[in-house]
Each structure stands twice: as structure tokens, then as C-alpha cells.
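Novice: Starting off with a structure, shown below.
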Amino acid sequence: LQARRYLDATLAFARQQLHYPTTIGMPPSGTAIAPVAAKPAVPPPSLQYVNGLRRAERGHEQSPQVRDVSKAKGGGHDLNCCPERCWCVSALPLPAAPDGDGPLHALNEWMLTDTRAHVPPSACGKALCFCDDAYPRVPNGIKDTEEIKMLAGVMIEGEGGITGTVLTKRWMEFDAETKSGLIKTYGGYGGLYSAAQWSGGNNFFENGVGPFFNRCCNQSYGFQFTEDYLKATISVKLNFCICIPCLPPFFKVPECCIACDMVQEPEGHGPDGSNWNRRQAICPLCCGGEMKHLYYLQNVVTPDGRRGVYYDQLSKIGHAEYYFAR
């Protein structure tokens, strides 16, 4: 009998707790109790928010403040869902800061200091046969080569190219003995996994969907520097069998069709790779095309994360948000 009374009292108390979180201020016996409305469900955190927490846990002092980009301008696309999950890219806003260094800290953390030690390749990367041991990425030594050290920082393409594009050659394949290198724009098959080192801006189709197909054709640029590092010949390489993405960039665009190079223009601060005149010639052999200026490639963030000589270019031609391949 006592056990029955104890059970009844326990059940009565439990029923009261379903309507009132505490027993303080309980209504008198016999008073009708109105049920409390259920709270709305909390939406799950976005991938950007989770990635931000991961970066904070790894102890980065300057982590980019990723703002809400759940709605694309004018289209209403769920960018957290569509580009990041389906196309394996990440959106990196360049936050404003009172001292003007918001973009500096964001690009430095994302492109230069984060070795991705705790961020394995995305599903797209794994589909291209890059497993978890593809990270952490290791600097290639360009920052120790005085004549071109600024290429290991963040560079920006000026007007005439894909204006506002940011890139770094800190992680590309580089051989100091032969003075040659190869960079995959968005992380194609073979060699080092080279995602998160190139972005053309915040256009959804060009930089959300585009990197996926860029990976499939494995678009890459080869660089052959001269002995004094004042000039580099550029070759365009790709895999034109886009339906078979797990192939190296075996096809080299003939120089008789298009010839590219870049020449240093120090402008008083010494040959350190801060400023390059990017040139191009169309059909130089058959039609006599001459090398002409295309755009300037200039340093905006130094390899050690400080303002580059041309940092102001970020505010002039840079984008408020960039997409990077994961």
C-alpha cells in the first residue's frame, strides 16, 4: 500500500512538471492547468558555423568572422547547402574591421596559416583519390627564395584578367633546383591536393559550380622561371577528357596557339615577387602575335601575414566574398 501511494505521488509530480518547470508558484488544488506551448525547433548549425568552431578550437587567434550567407543576392539559393555540400566549396566573406585589416586576417588564416591538418579533403577531393593523408599541406619553400618570396603570400589579379581573383603559390608543387612549379587552380587529380589556394570571386555559377568542372578537367598552370627569377614562362595544362576526371593534366596547350609569361616590375622595392606584368600573345608563330600586357599580379598579403605593398587593391577591386574549393 505504501509503495502504491509513493508511485501515485511520483506520477502526479511528473504530470505537474510537464506543465510547470518548477514547483515554485504552483496553483492551488483543483485549478485547471493550461499546457505550455512548445518552443520552435532550433535549426541545425551551418557548415560555416561548425568550421568556425573547429578553427577556434585549433587556437587560431585571427579566425574569419563568417557571416550568414544563406541567401544569394537576387536568387534566394541556400548557399550553405548548395555550393558547400553539393559542389564542395566554401564561402569566405572578407569582414570589415575598424583598422581595415579584416580582409587581411581572413585571407591570412584561410590561405596561408591553416594547414588543414584537421580538415580532411571534401567528398569531391576523395572522389579524385585524395584520402585523409592529403593533409596537412606543407609550404613549398617559395617564401625562402628571396627573388619570388611574395608569391608565397596572397596575390590579386588586376583589371584585364579575372579581376579580383586571389591566389597563393605557397602550397603548389615547386622544385627549387629546376626553378619550375605547377599549380592546380581548384584541386584536380594527381600530385598535391591544392584546394583552398585560388578563388575568382563571389559569382555563384563561376565560382560555385565552376570549380567542380575545373577539377574534372584538372586545369593547371605550369611555371618555368629564369635563372634570376625575373621572368616565368607559363604553360596551360588540362585533361580534356572531362568525363574521366581521375587523369593528370596531360594535355599542354601549344604555345603556337597561346603564349603566356609574367615579368617582374619591382617599382623601387626590389625583385621580391610583389609585382608581375602578366603578358599574353595569341598565335605568336603563325600570325606573329606579340606579347602584350594583360593584367598585373600584385601582392596584397605577405607570406608572414602582414599588409603587402598593394594591399589597397583589395578595397578597390577585391570582392566582399570568395568561394574556395574544399
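Novice: How much length is gained if the chain between Glu265 and Phe251 is pulled fully straight, taking 0.36 nm per residue apart and subtracting their Cα-Cα distance, in nm to one decimal? Can you show the working numbers first?
Specialist: Numbers: separation 14, 0.36 × 14 = 5.04 nm, distance 3.09 nm.
Going from the current span to full extension adds 2.0 nm.
Novice: Continuing with the same structure: For the stretch 212-280, what are Rg and Dmax over the alpha carbons, in angstrom?
Specialist: Cα radius of gyration and Dmax of the stretch 212-280 are 15.0, 48 Å respectively.
Novice: Let me ask something additional. Hey, got the dipole for the stretch 100-251? About the Cα centre, +1 on K and R Cβ, -1 on D and E Cβ, debye to the nearest 20?
Specialist: On the way: 12 positive and 16 negative charges, 89 e Å.
Dipole of the stretch 100-251, to the nearest 20 debye: 420 debye.
Novice: Hey, another quick one. Roughly how many nanometres apart are two label points built 7 Å out from the Cα toward the Cβ at Ala96 and Ile242?
Specialist: Once both label points are built, they end up 3.9 nm from each other.
Novice: Using only alpha-carbon positions, what ratio does the radius of gyration of the stretch 250-303 give when scaled by 2.2 N^0.38 Å?
Specialist: On the way: Rg = 14.0 Å, N = 54, 2.2 N^0.38 = 10.0 Å.
This ratio for the stretch 250-303 stands at 1.39.
Novice: Hey, how many Å between the Cα centroid of the stretch 149-166 and the Cα centroid of the stretch 275-297?
Specialist: The two parts, judged by their Cα centres, are 17 Å apart.
Novice: Continuing with the same structure: What is the Cα convex hull volume of the stretch 169-326 when expressed per residue in Å³? Let's see the in-between values first.
Specialist: Details: hull volume 22.7 nm³, N = 158.
That works out to 144 Å³ per residue.
Novice: Just to be sure I understand the curve: with the Debye formula and one point per C-alpha of the stretch 92-142, what is log10 I(q)/I(0) at q = 0.17, 0.18, 0.22 Å⁻¹?
Specialist: -0.66, -0.71, -0.85
Novice: Using the Kirkwood radius over C-alpha pairs as Rh, can you work out the diffusion coefficient of the stretch 149-256 via Stokes-Einstein at 25 °C, viscosity 0.890 mPa s, in µm² per second?
Specialist: Values: Rh = 14.6 Å.
Answer from the Stokes-Einstein relation: 168 µm²/s.
Novice: If you don't mind, another one. Which Cα, out of Pro136, Cys217, Gly158, lies furthest along the positive dipole direction of the stretch 124-243 (beta carbon charges, K/R +1, D/E -1)?
Specialist: Most positive-ward Cα: Cys217.
Novice: Compute, for the stretch 163-275, the length of the dipole vector about the Cα centre, with Cβ point charges of +1 (Lys, Arg) and -1 (Asp, Glu) only. Units Debye, rounded to 20. Write out the running numbers ahead of the final one.
Specialist: Numbers: 8 positive and 11 negative charges, 107 e Å.
Using only the charged Cβ atoms, the result is roughly 520 debye.
Novice: At a 1.4 Å probe radius, carbon and sulfur cover how many percent of the accessible area of the stretch 199-326?
Specialist: Numbers: 3590 of 6050 Å².
Reported share for carbon and sulfur atoms: 59 percent.
Novice: Based on alpha-carbon atoms only, what is the radius of gyration of the stretch 110-175 relative to the globular estimate 2.2 N^0.38 Å?
Specialist: 1.30
The values are calculated or read from the model by the stated rules, or taken from the named source; none is laboratory data. All figures in this text were calculated on a predicted structure; none of them were measured in a lab. Neighbour counts are summed over all protein chains in view; Cβ atoms, including those assigned to glycine, are modelled from backbone coordinates with ideal geometry. Ligands, DNA and RNA are excluded from the accessible area calculation, which covers all protein heavy atoms including side chains. Shrake-Rupley method; radii C 1.70, N 1.55, O 1.52, S 1.80 Å.
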